[in-house]
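Computed from the coordinates by the stated procedures, all read-outs in this text should not be read as laboratory data. Remember, predicted model here, so these are calculated numbers, not experimental data. Every residue, glycine among them, receives a Cβ derived from its backbone with ideal geometry; neighbour counts consider all protein chains shown.
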């Protein structure tokens with residue numbers, strides 16, 4: 001007999017039990033709970049799941065399933081359109097309600113799903129939890145979304161604090177038998193030949209437990225020197241919580257409240273860190289306002305920009321073989337660890353867009369495929385920010401000099417030496433500009449430009465002039 005009081009719990013970008021409003025509401029309904037994760041068809045406005053994040057998703061789902069089983073429950077895996085899957089589960093179990101946390105990047109698609117479920121007699125109860133605040137709460141005086149970050153942040157400060165996080169349940173009521181599930185391994189989310197993700201597990205522990213551990217590390221460090229240190233890639237000063245946030249293994253509200261006790265110790269560092277959390281909310285506000293953010297310029301005057309594309313240059317950029325050490329270190333860090341330091345993300349993005357004049361969308365696509373923390377709002381908004389085409393964007397004419405950026409933020413060359421080991425024996429004076437080193441210095445360091453390390457694929461000074469000329473044409 002079907003469980004007439006069963007509730008369907010639909011996991012999406014909220015792969016956690018802690019501070020999960022939909023989970024608690026489903027439990028409060030006092031009937032059996034049927035957790036399900038649905039692998040849905042690719043949606044054009046979101047883009048496909050990146051290969052690196054697929055690796056993370058596999059391990060995160062496996063961890064979530066294990067955690068649910070420890071509480072007397074289980075996790076069903078299904079592939080297909082969400083409304084079809086949910087209606088089928090409801091038909092087999094007698095469930096009348098689906099509980100879900102809102103995924104703000106899917107607003108348009110979710111309206112269609114809600115209509116289909118309503119037509120099938122299934123109620124849907126949606127909850128907040130992906131962001132610090134629901135986007136509808138932070139609006140200008142005219143009721144529209146903020147397009148500039150600082151007023152957005154100021155408006156957020158006038159709201160109440162993010163909701164108090166709810167602790168993980170001690171048990172979950174389960175039906176006598178769960179609907180038949182697909183095998184997670186059958187989804188082939190993990191790379192095999194070659195296993196390019198082999199090194200990821202040395203740096204990351206996907207799943208809710210890994211997220212909680214990273215949060216504890218953050219609190220233990222008191223966010224000390226965060227504001228300054230976060231700009232230096234050789235210093236371990238960032239939280240490294242972004243991959244966990246991307247798949248909802250920890251809620252931003254949990255992080256916010258966990259840092260409350262640091263206010264009296266390192267106030268400036270705390271505010272700066274919280275502004276980074278708020279920037280994530282800002283990006284989602286932009287995406288909700290402009291669902292085409294991934295494919296279209298926020299500022300449509302950039303639609304006329306004359307991008308160029310050189311396949312060899314793009315390939316060199318993706319492989320970390322541009323001849324500019326700070327750029328190459330960043331791109332290799334990305335390939336080896338599935339992550340890139342935030343300062344270096346800006347440097348590598350600026351190089352692709354402005355030194356190579358390659359459309360920001362190609363860079364966004366590459367990052368989406370290779371970043372473990374790929375986020376449909378932040379990744380796109382940040383690329384448009386660097387390109388100058390986004391909301392509250394950096395002006396296009398702000399063009400990073402990769403040599404000066406390296407010397408300023410990796411002054412001893414430790415970051416470059418780690419990820420570009422063929423340059424490790426170069427003296428500090430030339431570590432960010434090996435192409436200026438005398439032949440005897442290169443020879444002493446075992447560097448042969450064009451063989452052991454590439455010559456620059458572009459002259460930065462000339463590339464800068466070319467970019468500014470192209471931008472002048474846009475303005476004219």
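Normalised by the number of residues in segment 188-324, the mean separation of alpha-carbon contacts (under 8 Å, six or more apart) gives a relative contact order of 19 percent. Seen against the Cα atoms of the chain and their longest principal axis, helix 325-337 is set at about 30 degrees.
Normalised size of the chain, defined as Cα radius of gyration per 2.2 N^0.38 Å with N residues, equals 1.04. Extending 7 Å from the Cα toward the beta-carbon at both residue 201 and residue 171 defines two label points whose distance is 3.4 nm.
State whether segment 61-151 is rounded, prolate or oblate according to the following rule on the C-alpha gyration tensor (a ≥ b ≥ c being the square roots of its eigenvalues): a/c under 1.5 gives rounded; otherwise a/b larger than b/c gives prolate, and the remaining case gives oblate.
Numbers: a/c = 2.85, a/b = 1.62, b/c = 1.76.
Oblate.
Would you work out the relative contact order for the chain, in percent, from Cα pairs under 8 angstrom that are 6 or more residues apart? Please list the in-between numbers first.
On the way: 767 pairs, mean separation 82.6, N = 476.
Computed value for the chain: 17 percent relative contact order.
Most exposed first by the Cβ proxy, i.e. fewest other Cβ within 10 Å, how do 341, 59 rank?
On the way: 341 24, 59 20.
Ordered by Cβ neighbours within 10 Å, fewest first: 59, 341.
For segment 211-338, a/c is not less than 1.5, where a ≥ b ≥ c are the root eigenvalues of the C-alpha gyration tensor, and a/b does not top b/c. That puts it in the oblate class. Shape class of segment 317-476 from the Cα gyration tensor (axes a ≥ b ≥ c, square roots of the eigenvalues): oblate, since a/c reaches 1.5 or more and a/b does not exceed b/c. Taking each residue as 0.36 nm, the span from residue 296 to residue 155 lengthens on full extension beyond its C-alpha to C-alpha distance by 48.0 nm.
For the chain, the mean residue ellipticity at 222 nm estimated from helices alone is -12500 deg cm²/dmol, where every DSSP H run of n ≥ 4 contributes -39500 (n - 2.57) and the total is divided by all residues, rounded to the nearest 500. Helix 267-289 and the longest principal axis of the Cα set of the chain meet at an angle near 70°. Against the chain, whose longest principal axis is taken from its Cα atoms, helix 107-119 shows a tilt of about 10°.
Take every Cα pair under 8 Å whose residues are at least 6 apart in sequence, average their separation, divide by the length of segment 300-475, and the relative contact order is 26 percent. Distance between the C-alpha centers of segment 401-428 and segment 212-236? Whole Å please. Between the Cα centre of segment 401-428 and that of segment 212-236, the gap is 22 Å.
Show me 165-178, 316-329, 407-420, 117-130 ranked by packing, highest mean number of other Cβ atoms within 10 Å first.
316-329, 407-420, 117-130, 165-178
Taking 7 Å steps out from each Cα toward its Cβ at residue 70 and residue 240 produces label points 2.2 nm apart.
By the count of neighbouring beta-carbon atoms within 10 Å, fewest first, 42, 344, 109, 98 end up ordered 42, 109, 344, 98. Going from the fewest other Cβ atoms within 10 Å to the most, the residues 462, 331, 346 appear in the order 462, 346, 331.
Of the listed peptides 385-393, 77-85, what is their order by residue-averaged count of other C-beta atoms within 10 Å, with the highest listed first? Numbers along the way, then the final one.
Working: 385-393: 22.1, 77-85: 17.6.
Final packing ranking: 385-393, 77-85.
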